[in-house]
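*Asks:* Can you read through this structure? Questions will come right after.
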Amino acid sequence: MSTLPAATGQFPVRVFGGPTALFEYGGLRFLTDPTFDGPGDYRRPGRPVLTKTAPSTTTPADLGRIDVVLLSHDEHADNLDTSGRALLADIPLTLTTPSGGERLGAHLGEKAKGLADWESIELDRPDGGTITVTGVPAIHGPGPREEVEPFTGQVVGFVLTGEDLPTVYVSGDNASLDAVRETAVRFAPIDTAILFAGAPRFPVLFDNQLIVLDSAQAAEAAEILAARRVVPVHYDSWAHFTEGRHDLVAAFTAAGLADRLELD
């Protein structure tokens, strides 16, 4: 686990590889996009093959209590794999896209809930008070939603707020800086931004254009959000991620934001 600068005073975020991270906030424990299967190929008819290249650094059994899963979307194995899907049955609440909430709800019932843009849910904190989780815009590819979603599906980001708590942004599989700007208008400055990066591309999708932020765009997103701390995820362990740790460091350094970047 990374040690934060004393001036930051932020809660720790544990990153396990791919899009999966764990953090405690307001007394609740949140897990992003659970992926714990081993390396290998994931095939679905009509979809590009997804190749996982490295295992997670933990296992579901070692996570401890999880109160809420923040699931960018349920349709791709690099965001929700077989073991991650099995884990959801033991989690009190999974928040995801509206369509994903319907799909997962068929098995999980009320333990799965979709959030539309700007829709919020209040969660009770163990020691009193509440946490507000708000769904925020995300687009999984270049261009407007109506052109992107038929190919890559709905995605959602999240903002977490609460009295005397830092503001947290979880981008999800988002490629749109305009979506980041919309979120910033309502919530900036952001105390901790968990940004999905990695510059994933597929030759058969959108002429090989980005379907999630690249490193330079992640740095730009940090500026737009006035983010005090950025924890990147979704930049390793999969073959279609074309940029990694070195690229993130270089991009944030070039933008003069290296001191905001937190990497394990």
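*Asks:* Touching a strand residue (DSSP E or B) at 6+ places or on another chain (Cβ under 6 Å) and modelled with pLDDT of 95 or more - does that describe any residue in segment 72-81?
*Replies:* no
*Asks:* Could you please tell me which pairs satisfy a Cβ distance under 6 Å, a separation of 6+ or placement on different chains, a first residue in segment 146-163 that is of a type in the set (Ser, Thr, Tyr), and a second residue that is part of a loop (DSSP other than H, G, I, E, B) and at pLDDT below 95?
*Replies:* 152/140; 152/141
*Asks:* For the list (1) assigned to a loop (DSSP other than H, G, I, E, B); (2) more than 21 Å from residue 200 (Cβ to Cβ); (3) of a type outside the set (Asp, Glu); (4) modelled with pLDDT under 95, I need the number of the one condition that residue 44 fails.
*Replies:* Single failed check for residue 44: (2).
*Asks:* Additional query: Scan the strands (runs of 3 or more DSSP E) fully inside segment 47-117 and keep the ones with 2 or more residues being buried (at least 22 other Cβ atoms within 10 Å of the Cβ) and hydroxyl-bearing (Ser, Thr, Tyr).
*Replies:* 93-96
*Asks:* Out of the residues in segment 147-159 that are among the aliphatic types (A, V, I, L, M) and in contact with a Gly (Cβ under 8 Å, 6 or more places away or on another chain), state the one that is nearest to residue 68 (Cα to Cα).
*Replies:* So the residue we want is 156.
*Asks:* Same structure again: Taking segment 221-264, which residues are within 17 Å of the chain's Cα centre (by Cα), under 21 Å from residue 182 (Cα atoms) and charged (D, E, K, R)?
*Replies:* 229
*Asks:* Next up: Please name all residue pairs, on different chains or six or more residues apart, with Cβ atoms under 6 Å, provided the first residue is in segment 198-215 and is modelled with pLDDT of 75 or more and the second residue is not in a loop (DSSP other than H, G, I, E, B).
*Replies:* That search, which allows pairs on different chains as well, returns 201/208; 212/196; 215/247; 215/248; 215/251.
*Asks:* In segment 27-47, what residues are basic (Lys, Arg) and more than 20 Å from the chain's Cα centre (by Cα)?
*Replies:* 43, 44, 47 - these are the residues of segment 27-47 that are basic (Lys, Arg) and more than 20 Å from the chain's Cα centre (by Cα).
*Asks:* Looking at (1) at pLDDT 95 or above; (2) touching a Phe, Trp or Tyr at 6+ places or on another chain (Cβ under 6 Å); (3) not basic (Lys, Arg), find the lone condition where residue 32 falls short.
*Replies:* (2)
*Asks:* With respect to the numbered conditions (1) in contact (Cβ under 8 Å) with a residue 12 or more places away in the chain; (2) under 13 Å from residue 99 (Cβ atoms); (3) exposed (fewer than 13 other Cβ atoms within 10 Å of the Cβ), which one is the sole condition not fulfilled by residue 126?
*Replies:* (2)
*Asks:* Additional query: Within segment 146-171, which residues are touching a Leu at 6+ places or on another chain (Cβ under 8 Å) and buried (at least 24 other Cβ atoms within 10 Å of the Cβ)?
*Replies:* 156, 158, 168, 169, 170, 171
*Asks:* May I pose another question? Quick check on my filter: what residues within segment 222-264 are modelled with pLDDT under 95, out of contact with any strand residue (DSSP E or B) (no Cβ under 6 Å at 6 or more places or on another chain) and of a type in the set (Gly, Ala, Ser)?
*Replies:* Of everything in segment 222-264, just one residue is modelled with pLDDT under 95, out of contact with any strand residue (DSSP E or B) (no Cβ under 6 Å at 6 or more places or on another chain) and of a type in the set (Gly, Ala, Ser), namely 244.
*Asks:* Separate question: Mind checking whether some residue in segment 19-26 is surrounded by 14 or more Cβ atoms within 10 Å (Cβ to Cβ), polar (S, T, N, Q) and modelled with pLDDT under 95?
*Replies:* No, segment 19-26 has no match at all.
*Asks:* Can you pull out the residues in segment 131-150 that are within 14 Å of residue 72 (Cβ to Cβ), in contact with a strand residue (DSSP E or B) (Cβ under 9 Å, 6 or more places away or on another chain) and either of a type in the set (A, V, I, L, M, F, W, C) or part of a loop (DSSP other than H, G, I, E, B) (or both)?
*Replies:* 133, 136, 137, 138
The values are calculated or read from the model by the stated rules, or taken from the named source; none is laboratory data. Quick caveat: nothing in here was measured; it's all calculated off a predicted structure. Please note: Cβ atoms are built from the backbone with ideal geometry, for glycine as well, and neighbour counts cover all protein chains shown.
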